[in-house]
1. Between Asn437 and Lys387, what is the label-point separation in nm under the 7 Å Cα-to-beta-carbon projection?
2. With the dipole of segment 209-315 worked out from charges on the C-beta (+1 for Lys and Arg, -1 for Asp and Glu) around the Cα centre, which of Tyr301, Gly256, Leu220 lies farthest toward the positive end?
3. Using the structure shown, select from Lys115/Lys255; Lys165/Lys573; Lys364/Lys451; Lys451/Lys487; Lys178/Lys539 the pairs with a Cα to Cα distance greater than 26 angstrom.
4. Using a Förster distance of 51 angstrom, determine the FRET efficiency expected from the C-beta separation of Asn209 and Asn279, and round it to 0.05.
5. At q = 0.10, 0.16, 0.23 Å⁻¹, what log₁₀ I(q)/I(0) does a Debye calculation on the Cα points of segment 276-394 give, no solvent, two decimals?
6. Can you tell me the dipole magnitude for the chain around its Cα centre, using point charges on the Cβ only (Lys, Arg +1; Asp, Glu -1), in Debye to the nearest 20?
7. When the Kirkwood hydrodynamic radius is evaluated over all pairs of different C-alpha atoms of segment 397-479, what value in angstrom, to one decimal, is obtained?
8. For segment 111-170, what are Rg and Dmax over the alpha carbons, in angstrom?
Amino acid sequence: MRISSNADYQTAYQKSIDNPEAFWNEIAQNFTWRQPWHTTLNWNFTEPKVEWFVGGQLNITENCIDRHLPLRANKTAIIWEPNDPNKPNVRISYAQLYEQVCQMANLLLSKGISKGDRVVLYMPMIPQLAVGVLACARIGAVHSVVFGGFSSQALADRINGAQAKLIITADAILRGAKQIPCKSIVDEALLQCHSVQTVLVANRCNTANLYMQANRDFYLEPALEKCATHCPAQTMDSEDPLFILYTSGSTGKPKGIVHTCGGYMVFMGYTFLNVFQYNEPDIFWCTADIGWVTGHSYSLYGPLLNGATTVLFEGVPTYPDAGRFWSVIDKLGVTQFYTAPTAIRSLMGEGEAPIKPYNLQSLKTIGSVGEPINEEAWHWYSTHIGKNRCPVVDTWWQTETGGILISALSGISATKPTYAGQPLPGVQPVLLDAQGNEITENNTEGLLCIKFPWPSIVRTIYGDHESCRQIYFAPFKNYYFTGDGAKRDDNGMFRIIGRVDDVINVSGHRIGTAEIENAIDEDENVIESAVVGYPHPIKGQGIYAYVICQTTPAQNSREAATIRQSITAMVEKQIGKIARPDKILFVTGLPKTRSGKIMRRILRKIAEGQTDQLGDTTTLLDPSVVIAIQQSATQLE
């Protein structure tokens, strides 16, 4: 299962292309199955329908925990590093994790949760979040984690989308110097949700006078104390759903991406081991919140499937100072460090002084995830954090792919700034032109598609399979369309150019423009809006909103400032702070075609300051609108 050299990689990759079923059949044998599969793969990209390890039965938590107990019972599975650096970290052994997961699983069963039920987790990065996720998987409940920065409205949309029966939350979230209410946001969301029967509340901050609804809300800790520390794992079919994770798309409605038990397990175990070249007794740290797919796959499932020690971090990179990441690496002896370009660029801006107190000698691999990393940040990361001795693995993948598809393998593959690298075994990427023809020449940009399924490919959008077909499989027949543009060099290395649809990648988080526009349009001052992304020095992409109001205020007037505050508050309420516009430009009109379509291409160019590259505007209903927008943009401070 382990790739140990470039020759190994070449052999494995060729085998995975020549005979994918035989390749993945061999990989899957490394895991514990209750019943073997009778067919390795059934698939078509037309319906679409993809099934891996058909007939196989398993439980992923037996592979994450139980099978490690004979040799690793006392090994640390999870190190929890709390928000406050003066507080001690918490180490949970595999034996302790087994007992805690079983207790939580028994609690869920006692509250009427059974196989197939959906459970939403809306929590800080505390051990109970990881335990809750694994407990759901143990009894066959489908977990749906919602990032703790989302608003009550965004949370309600996701609860209703999944028709969740139970929520696990906390009284509050600690994030740096801030304490953010959590349970009260759940309470507000539940005013719109009728499927939820039970709310379990972890006591993180000892919040006084916390509202607890009788017969619905229960404190987690005393309830767990009453539960047994053994819970048999539910037998799951390979294609039973494991989790739903909501992600923004080009429409205003979040998409519930569904991943299933068998294929996801096999791909996470394989990719974690090989991309990061994990070895005993390494300590792996992925800084992503479990509310995002990176946290699912490489903070939790990937490491535990390999019997690794994984770090869960509650805090933020700049609290109490900009040396927090480097302090934790030295304190814990972290060997593999995996974070986002946004964090790297932000810390790069703090200079070298915060790094100097730390030697970072434990590091063997440093990784990047969430968006393409720019060359300046790549070199800074490699030089100052990796000390020019740690390989940089710049990974490309998506919520929909489940795991890493394109990346260097640490210490094995060649690396190149701004290039993610070569595809992992089993992954067959191609570049297509707009007509769907494969581009065979190199050093040319195209649309990144995949022409063969890998085990953790998205199975459906929860409750809306037709949208899954239309978004990912209908654009190009017999291909999975990633929505990204890419470039391939002469060595087969891929550089990801960015989204080609109406999705903005803000600090590694994909947010649909329609979702933000819908929120802006809720403001009483607003008639219509259009949102685009533009280059941002820290976030990668910023959010630029063009807004038409009842009366158009002067860009830098007090009235404009008031309306901007109102719009920002509305976006925070509807989605969360991560979707706040960085720039709001008040305009009298938007560039539309005669059919009424907004030409976002033009708005993107104006936002980028490339007003000499607007292209043909004669097809617009009113070309003079573009001139007016350009003039307004020059007035924006």
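1. Between Lys387 and Asn437, the label points sit 5.3 nm apart.
2. Gly256
3. On the way: Lys115/Lys255 22 Å; Lys165/Lys573 24 Å; Lys364/Lys451 34 Å; Lys451/Lys487 17 Å; Lys178/Lys539 21 Å.
Pairs exceeding the cut-off: Lys364/Lys451.
4. Values: r = 50 Å, r/R0 = 0.98.
Taking R0 as 51 Å, the efficiency between Asn209 and Asn279 is 0.55.
5. Those come out to -0.26, -0.70, -1.56, one per q.
6. On the way: 54 positive and 61 negative charges, 153 e Å.
Around 740 debye, computed over the chain.
7. Numbers: mean 1/r = 0.0699 Å⁻¹.
14.3 Å is the Kirkwood radius here.
8. So, for segment 111-170, Rg and Dmax equal 10.9, 30 Å respectively.
Only the coordinates and a few stated rules stand behind these numbers; no lab work does. Fair warning: this is a prediction, and the values are worked out from it, not measured in the lab. Reconstructed Cβ throughout: ideal geometry from the backbone, glycine too, with neighbour counts over all protein chains shown.
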